[in-house]
Amino acid sequence: MGTKVRKDNCYRITIEEIGIDEQVKGRTLEFELEDREDLFKIVESLKQASGLDASLATRVGVALRLLGPVMMGDRKHPLFVDFMPHFKTFMQHLKNTVNNNKPADTRDS
């Protein structure tokens, strides 16, 4: 029997088009996402220890959790195969940066 990845965290992602003419209805994208990681915890860690401002840290955290699992699940797809080694290097660097900038009592072991 195959290993099942736990996906205990469920999210609804909504993107609304803003800054358009008041007479035109903005477009909306909405989808649901299950993830094994706590997206809010990831964003908070990035806000505290990545060196990015809060808004950018939020965008990076969400973007990584949207793209990362898709790439990992289909890493041999022609769209991802060349990018995957660079993504892994980036993620290792990001995790090291966050861990090294956290207070000592909250660092991963």
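The values are calculated or read from the model by the stated rules, or taken from the named source; none is laboratory data. Since this is a predicted model, take the numbers as computed values, not measurements. Glycine also receives a Cβ, built like all others from the backbone with ideal geometry; neighbour counts cover every protein chain displayed. These area figures cover heavy atoms from the full protein model, side chains too; ligands, DNA and RNA do not enter into them. Shrake-Rupley method; radii C 1.70, N 1.55, O 1.52, S 1.80 Å.
Once every DSSP H run of n ≥ 4 in the chain is given -39500 (n - 2.57) and the sum is divided by its residues, what mean residue ellipticity at 222 nm do you get, rounded to the nearest 500 deg cm²/dmol?
Calculated at 222 nm, the ellipticity per residue is -15000 deg cm²/dmol.
Note down the magnitude of the dipole of the chain about its Cα centre, charges +1 on Lys and Arg C-beta and -1 on Asp and Glu C-beta and zero elsewhere, to the nearest 20 debye.
540 debye
In the chain, with Lys and Arg counted as +1 and Asp and Glu as -1 at Cβ, which of these residues, L29, M91, I15, has the Cα nearest the positive end of the dipole, that is, farthest along it?
So the residue furthest toward the plus end is M91.
Cut-off under 14 Å on the C-alpha distance; same-chain residues fewer than 8 positions from K102 excluded. Which aspartates and glutamates are left, in chain and number order?
E44
With a 1.4 Å probe and all protein chains left in place, how much of the accessible area of the chain comes from carbon and sulfur atoms, in whole percent?
Taking all protein chains in place, the chain shows 53 percent carbon and sulfur surface.
Take the alpha carbon gyration tensor of the chain, find the square roots of its eigenvalues, order them as a ≥ b ≥ c, and report rounded if a/c is under 1.5; if not, report prolate when a/b exceeds b/c, else oblate.
oblate
Where only protein heavy atoms count, and the probe is 1.4 Å, what is the accessible area per residue for the chain in Å²?
For the chain, the solvent-accessible area averages 82 Å² per residue.
Show me the ranking of peptides 87-98, 37-48, 70-81 by mean Cβ neighbours inside 10 Å, starting with the highest.
Ranking, from highest mean packing down: 37-48, 87-98, 70-81.
Using the Karplus curve 6.51 cos²θ - 1.76 cosθ + 1.60 with θ = phi - 60°, work out ³J(HN,Hα) for each residue of the range 74-90 in order, rounded to whole Hz, and write x for Gly and Pro.
Once θ is set to phi - 60°, the couplings for the range 74-90 become 9, 5, 8, 5, x, 5, 10, 4, 6, 7, 3, x, 6, 5, 4, 4, 4 Hz.
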